[in-house]
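Student: Sharing a structure below in structure tokens format, with a few things to ask.
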Amino acid sequence: VGSEMCIRDSYPVDVKCVNLTKQKTRTQNSILIILFLIMKNALMGLALFAAMPVFAQQKATINVHPEQGKEIISKHIYGQFAEHLGTCIYGGLWVGEDSKIPNTQGYRNDVLQALKDLKVPVLRWPGGCFADEYHWMDGIGPKENRPRMVNNNWGGTVEDNSFGTHEFLNLCELIGCEPYISGNVGSGSVEEMAKWVEYMTSEQGSPMAKLRKENGREKPWKVKFFGVGNESWGCGGSMRPEYYADLYRRYSTYCRNYDGNHLFKIASGASDYDYNWTEVLMKNVGHRMAGLSLHYYTVTGWSGSKGSATEFTNDDYYWTMGKCLEIEPVLKKHIAIMDKYDPKKQIGLMVDEWGTWWDEEPGTVRGHLYQQNTLRDAFVASLTLDVFHKYTDRIKMTNIAQIANVLQSMILTKEDKMVLTPTYHVFEMYKVHQDATYLPLELNCERKVVRDDRIVPMVSATASRDANGFIHISLSNVDLQESQEIELNLGEVKAKSVTGRILTANNIGDYNSFEKPSVVAPKEFTGAKVNKGSLKVTLPAKSIVVLEVK
Ligand code: AHR
């Protein structure tokens, strides 16, 4: 009688019935619940089925083809971005020489060391949107004479210009990276941009070189990467692509190569799915640009809440993986347009802003884009870097947004404390791929259909061979529950030994805080074994591993 009642009643009552009929076994109860679900609501049952994995297996096969390796993974794919935004520069990188926080010439010592360890290859500055309101002459000379300005894009904060051209270029020298300067097209003049290039790079004799020397820097800096505007379709001037293409031609004409310095000029590119922008730029600018940028954020949308960085469901997590992986078809379409105008692939695609964009942390300043960084963000980093490697013949630089305290940062700081984020650890583990030879691979694994009908493979992988002949393979197991048994073949290469490191945590929402800075940190990985020259790898659920094969 009890069970009949249960079938007719709704689900919570059914649970109550089960409790009443104590003699029933758990199995019987489960069968009743399933029967009830099917009979009571067939649609609900169907929905449940649709949410289940498409394939049940948790085995994967990877075939790496070392003999096909020919492209170099540009180290600049591991580029960073520092904007005058929130506490990225002030507090994050720079505290000033008089600060109590241990520093070298005003740069935080802890951050300097962390960035050196990361092997940062290139750093983009001063924006972002800030770049098109920035007037570089306000940021040189004695600090007490530097004018203030309002940072209109980012919370209306007053900028005192104490961190300017010298401070940025000296930082790049200290951490040993290339500078990537973003010039002001939106609200700056051609003359202003031309003089900036002269100031930074001309050796002697020129008026700007003289001014630089008066400000304490004798030798010019080496500046290779120069962006002519940023997001010129939006915060950089709200332009149409045809108009910006003409402006690019005009501004870039006066960005000269001084005294052996050769500029790699980058045009402001499209956002996400705006293929027309790429088409018009390729058609109207063509080889006058050495690179064309693209911005792609893993974001739920541009209006309203973007979701919490730390409080999310499993469904949200899988959605995030789908959205981040959508960069691949987006890249393919932009690349196809570039290939049409530039079949020899001489113009680089520069993804100079990418990463996650969540709601700002509660209690932080609106407009400062300060967000925490969990193991979920680490997956966005590893999956996206795996994709970038695949298109390394076209992608010559990328810059994750941003280096400290903004969006998907490497580093978070609070007064004298610093934490390395899970994303930092991915970049640090992956640095072995910088300037290594990309090794194509095939991957067979389980896939899940996630929200918005995107299909997400449960394993992501990439491989490269470094200058010493060592092969590095990065593996991400996206699945939150299941481990993966991976058979990894290396073609003509017979593995002798394998070592590795793993990044994982108890929960996908785990993060490093100032109180607990090492919740998500790399550890030694012992789950890979050599088996007759191939590898067998057991990849735990929600883990990212980098292997070194000798
Ligand atoms: O990275 C934050 C902002 O995102 C940049 O300033 C802008 O270029 C983009 O819209």
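Student: Residue by residue through region 216-234, note down the ones that are away from the ligand (no atom under 16 Å from the Cβ) and open to solvent by 50 Å² or more (accessible area, probe 1.4 Å).
Tutor: GLY216, GLU218, LYS219, LYS222, LYS224
Student: Right, TYR251: assigned to a helix (DSSP H, G or I), over 19 Å from LYS332 (Cβ atoms), open to solvent by 70 Å² or more (accessible area, probe 1.4 Å) and away from the ligand (no atom under 16 Å from the Cβ) or not?
Tutor: Answer is no for this residue.
Residues are listed down the side, and each one gets a yes or a no for (1) in contact with a Pro (Cβ under 7 Å, 6 or more places away or on another chain); (2) among the hydrophobic types (A, V, I, L, M, F, W, C); (3) more than 16 Å from the ligand (Cβ to nearest atom); (4) open to solvent by 40 Å² or more (accessible area, probe 1.4 Å):
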position	(1), (2), (3), (4)
GLN113	no, no, yes, yes
TRP136	no, yes, yes, no
PRO142	no, no, yes, yes
ARG146	no, no, yes, no
ASN152	no, no, no, yes
VAL190	no, yes, yes, no
VAL197	no, yes, yes, no
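Student: Taking the criterion of being within 15 Å of the ligand (Cβ to nearest atom), closer than 28 Å to TRP302 by Cα and either open to solvent by less than 10 Å² (accessible area, probe 1.4 Å) or of a type in the set (Lys, Arg) (or both), would at least one residue in region 327-344 satisfy it?
Tutor: There is no residue in region 327-344 that is within 15 Å of the ligand (Cβ to nearest atom), closer than 28 Å to TRP302 by Cα and either open to solvent by less than 10 Å² (accessible area, probe 1.4 Å) or of a type in the set (Lys, Arg) (or both).
Student: Next question, about the same structure. Look at region 140-154 and say how many of its residues are assigned to a loop (DSSP other than H, G, I, E, B) and of a type in the set (S, T, N, Q).
Tutor: In the first step, residues of region 140-154 are kept if they are assigned to a loop (DSSP other than H, G, I, E, B); the result is 140-142, 146-148, 152-154.
With of a type in the set (S, T, N, Q) added as a condition, the list becomes 152-153.
Of the residues in that region, 2 qualify.
Student: Right, here's the next one. Answer yes or no: is there a residue in region 289-296 that is among the hydrophobic types (A, V, I, L, M, F, W, C), within 16 Å of the ligand (Cβ to nearest atom) and either closer than 29 Å to GLU178 by Cα or open to solvent by 30 Å² or more (accessible area, probe 1.4 Å) (or both). Outline the logic, then answer.
Tutor: Looking only at region 289-296, we keep the residues that are among the hydrophobic types (A, V, I, L, M, F, W, C), and these are 289-290, 292, 294.
Filter once more, keeping what is within 16 Å of the ligand (Cβ to nearest atom): 292, 294.
Among the residues that remain, those that are also either closer than 29 Å to GLU178 by Cα or open to solvent by 30 Å² or more (accessible area, probe 1.4 Å) (or both) are: 292, 294.
Yes: region 289-296 contains one or more residues that are among the hydrophobic types (A, V, I, L, M, F, W, C), within 16 Å of the ligand (Cβ to nearest atom) and either closer than 29 Å to GLU178 by Cα or open to solvent by 30 Å² or more (accessible area, probe 1.4 Å) (or both).
Student: ALA131 - would you say it is within 16 Å of the ligand (Cβ to nearest atom) and in a helix (DSSP H, G or I)?
Tutor: yes
Student: As an exercise: evaluate LYS119 against (1) out of contact with any strand residue (DSSP E or B) (no Cβ under 8 Å at 6 or more places or on another chain); (2) in contact (Cβ under 8 Å) with a residue 40 or more places away in the chain; (3) open to solvent by less than 60 Å² (accessible area, probe 1.4 Å) and give the number of the one condition it does not meet.
Tutor: (3)
Student: Still on this model: Quick check, is LEU369 of a type in the set (A, V, I, L, M, F, W, C), more than 21 Å from VAL478 (Cβ to Cβ) and within 15 Å of the ligand (Cβ to nearest atom)?
Tutor: Here the answer is yes, as LEU369 does meet what is asked.
Student: Quick one: count up the residues across region 417-457 that are within 18 Å of the chain's Cα centre (by Cα), part of a strand (DSSP E or B) and acidic (Asp, Glu).
Tutor: 0
Student: Select the helices (runs of 4 or more DSSP H) contained entirely in region 277-391, then report the ones holding at least 2 residues which are basic (Lys, Arg).
Tutor: 327-341, 375-390
Student: Another question, then. If the Cβ limit is 8 Å and pairs must be 6+ apart or interchain, which residue in region 231-248 that is under 13 Å from TRP277 (Cα atoms) and at pLDDT below 95 pairs with which residue that is open to solvent by 80 Å² or more (accessible area, probe 1.4 Å) and away from the ligand (no atom under 16 Å from the Cβ)?
Tutor: Cβ pairs passing all conditions: none.
Student: Still on this structure, please answer the following. Can you pull out every residue in region 374-409 that is within 16 Å of the ligand (Cβ to nearest atom) and acidic (Asp, Glu)?
Tutor: Across region 374-409, the qualifying residue is only ASP377.
Student: Can you spot a residue in region 163-180 that is free of Cβ contacts under 8 Å to residues at least 12 places away in the same chain, more than 25 Å from the chain's Cα centre (by Cα) and in a helix (DSSP H, G or I)?
Tutor: no
Student: Looking at GLU446, GLU442, which is the one that is out of contact with any strand residue (DSSP E or B) (no Cβ under 6 Å at 6 or more places or on another chain), of a type outside the set (Lys, Arg), farther than 14 Å from ALA381 by Cα and surrounded by fewer than 22 Cβ atoms within 10 Å (Cβ to Cβ)?
Tutor: GLU446
The values are calculated or read from the model by the stated rules, or taken from the named source; none is laboratory data. The structure presented is a predicted model; accordingly, all values stated were derived computationally and were not measured. Counting neighbours? That spans all protein chains shown, and the Cβs are built from the backbone with ideal geometry, glycine included. Ligands, DNA and RNA are stripped out before the accessible areas are found, and what is left, the full protein with its side chains, is counted by its heavy atoms. Shrake-Rupley method; radii C 1.70, N 1.55, O 1.52, S 1.80 Å.
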